[in-house]
Structures are given as structure tokens and as C-alpha cells.
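Take a look at the structure below.
The values are calculated or read from the model by the stated rules, or taken from the named source; none is laboratory data. On a predicted model such as this, the values are computed, not experimentally measured, just so you know. When we count neighbours, we look across all protein chains shown, and the Cβ atoms used for this are built from the backbone with ideal geometry, even at glycine. Note: accessible area is taken over every heavy atom of the protein model, side chains too, but ligands, DNA and RNA are not part of it. Shrake-Rupley method; radii C 1.70, N 1.55, O 1.52, S 1.80 Å.
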Amino acid sequence: MIFGEQKPLEEVEEMIKDCKKILIAGCNTCVAICFAGGEKEVGILASALRMRAKMANREQEVIEQTVQRQCEWEFVDELKENVEKVEVVVSLACGAGVQAVAERFPRAFIFPGLNTTGIAITEEAGVWAERCLACGNCILDKTGGICPITRCSKGLLNGPCGGSQNGKCEISPDVPCAWQLIYDRLKVLGKLDLLDGIKPPKDWSTSQSGGPRKVVREDLKSSS
Amino acid sequence: MNAQREFFEPEIVAFCCHYCAYAAADMAGSMRLSYPTNVKIIKIPCSGKTDVLYLLKAFEAGADGVFVAG
């Protein structure tokens, strides 16, 4: 899922301080799972902003609405009525959601309430960890299901580097060395031969380095 | 609620567990024991039902203090 963190309250407050009526728009999919931008977080942020406004003697109305997904038009359209009522929308969706709302409502001001971090798994309750950089050319078949692009701090294709110490990365003792993980796993799987040879440089044109990506499925597109 | 008074009396919202704290308050009532009127009790099925939103809403509505008893 996409994961992220809410921006500090002060930063959100600064964005909206001159507005009279604000909509806090939540997204009940990925960012709800990481407790950053779902219905509950929308309620908490809206409540906090209302209290801040009151304490600062600002005349401000903060309304709330959460849709199932802010990255699909069908759900974004549910925001229409409230978007038209307010001066500004603070979206607690990921960057894609914020932009989808902006695209759908060209005359509305849409501000981000989250910092989108990336694609993660829930390691345990309250812990989300990045697992995929969406490079567009997956190599997990060659690395025992552990992504060195994401999990090696240097993104090395031929690791480990000299900074690997006792299975940890030199950037922090809390960060496991991805190449140690890969080695350990391939050993268990009896596939250490996958590490023979040198992996050639990766084609990064499929990543964001090649420009914004787009997938088009002609078989699924509407004919109109 | 936070009006200027000679003596500041805070308005307190108490979220009380149905099975213990609320029952205790109920018992106090049946024993004709009084407690300050500025404590407003809200019964919840369990103190585990407490949610940060409940606390915020109480403050937003003007409470000076909120406590959870359970």
C-alpha cells in the first residue's frame, strides 16, 4: 500500500490560516490503513484545527468528508458538493489523491495534508516499512524476493558493499543489510547460484527517471 | 464554559466504564453522596472504547478537562 505521514498541525494551519471555510478530505484506502488520512484522522485533524482557530480567535469553519478512494473519479466526484462550499480543500490522501482532486475540481484550491512516503508493508502494528520503489522492472526473481533497489541504501545490484557490518547497513544499526538478507534467504532456498556472476546495470528508463509512467490497457479502455 | 469568574471552576467531562467507574458513580448516587455538578459523566461500554476523537470532541465542546475512569 501507499504509506505516508500527516504533516505537522502547524504546517497545515499555516496553509489555511486565511481561509474561512475548509474541507478536510480523507481517503479510506491506503492512507487509512497507515492511520494517516482515513476518516478517523480526518476527524482528529478537523477537531484540532477547529480548536486552534478558536484559540487564535479566527472565524473558521472546518468540515469533513472521507471518500473510499481519492484516486478514482467515481469516488472523487462524491466530494463535489462540499468542494463547492469551501475556499480550500486539505486532502489527506497520498499525492495521487491530492492531484486527482485538483484535476477534477480545476477551480478549487487543494492543499496536501500528508507527506506521502512510498509503498510499504505493515511490519507490525504501528510500523510501516518501505518495500518497493516502483522501478518498473522487477528483479525480485533474482534476489530471493527481497528488493535491493528499495532496501539496500545504495540500491546496489551487486552487493553487499563494504558498509555491511554484522548484517546491518552502515547508515544505521536498525537497518538490515538488504544483501545480507538476500544471501541468507537464497542460502535457505538452496539458490546461492543466483548470486554467481555480475548483474549488469539496470535499465532505469522504466522508472520515474524515464519520465512519468503510464499504463494503457486497450482491452479495458472505454471505446467512447 | 470557560467564562471569567471570580473563582475558576473547570468543566470536566468524565468518560466512565459501564462496569466499574460508572457503576461506582451510580452507587454514590444511591448512597446520596454528592459530587460537583461541573463533572459531566458520559457512560461508555468499557474504558477501552475511549477514542482520541471522544477526548478532542469534549475539549472542542468547551470542556476544560477530560478524564477516563475504568
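A few remarks follow.
- A:Thr116 assigned to a strand (DSSP E or B), touching a strand residue (DSSP E or B) at 6+ places or on another chain (Cβ under 6 Å), closer than 21 Å to B:Tyr54 by Cα and hydroxyl-bearing (Ser, Thr, Tyr): no
- Contacts under 8 angstrom Cβ, first residue in region B:19-30 being more than 14 Å from B:Ile44 (Cβ to Cβ), partner part of a helix (DSSP H, G or I) and open to solvent by 80 Å² or more (accessible area, probe 1.4 Å), 6 or more apart: none
- Verdict on A:Ala129 being over 13 Å from A:Ala25 (Cβ atoms), free of Cβ contacts under 8 Å to residues at least 12 places away in the same chain and open to solvent by less than 30 Å² (accessible area, probe 1.4 Å): yes
- Some residue of region B:14-28 being farther than 25 Å from A:Ala46 by Cα, touching a Pro at 6+ places or on another chain (Cβ under 6 Å) and open to solvent by less than 80 Å² (accessible area, probe 1.4 Å): yes
- Test result for A:Leu23, within 13 Å of chain B (Cβ to nearest Cβ) and either open to solvent by less than 10 Å² (accessible area, probe 1.4 Å) or under 19 Å from A:Phe75 (Cα atoms) (or both): no
- Among the residues of region A:201-220, the one identified as without any contact (Cβ under 8 Å) to a residue 40 or more places away in the chain and more than 27 Å from A:Gly95 (Cα to Cα) is A:Asp219.
- Check on A:Ala25, among the aliphatic types (A, V, I, L, M) and either at pLDDT below 95 or farther than 23 Å from B:Asp64 by Cβ (or both): yes
- Residue among B:Val52, B:Val68, B:Val39 that is open to solvent by less than 80 Å² (accessible area, probe 1.4 Å), at negative phi and within 14 Å of chain A (Cβ to nearest Cβ): B:Val52
- Just one residue in the set A:Gly155, A:Gly95, A:Gly113 is farther than 30 Å from A:Gln60 by Cα and of a type outside the set (D, E, K, R); that residue is A:Gly155.
- Elements of type helices (runs of 4 or more DSSP H) in region A:32-112, at least 3 residues being within 14 Å of another protein chain (Cβ to nearest Cβ) and either out of contact with any strand residue (DSSP E or B) (no Cβ under 7 Å at 6 or more places or on another chain) or open to solvent by less than 20 Å² (accessible area, probe 1.4 Å) (or both): A:39-55
- Lone qualifier among A:Ala134, A:Ala108, A:Ala102, A:Ala53 - being touching a Lys or Arg at 6+ places or on another chain (Cβ under 9 Å) and farther than 30 Å from A:Arg151 by Cα: A:Ala53
- Counted residues, region A:168-201 - those being outside any helix (DSSP H, G or I), surrounded by fewer than 15 Cβ atoms within 10 Å (Cβ to Cβ) and basic (Lys, Arg): 1
- Boolean, A:Thr143 is closer than 27 Å to A:Cys34 by Cα, among the hydroxyl-bearing types (Ser, Thr, Tyr) and outside the structural domain of A:Gln6 (by TED's automatic domain parsing): no
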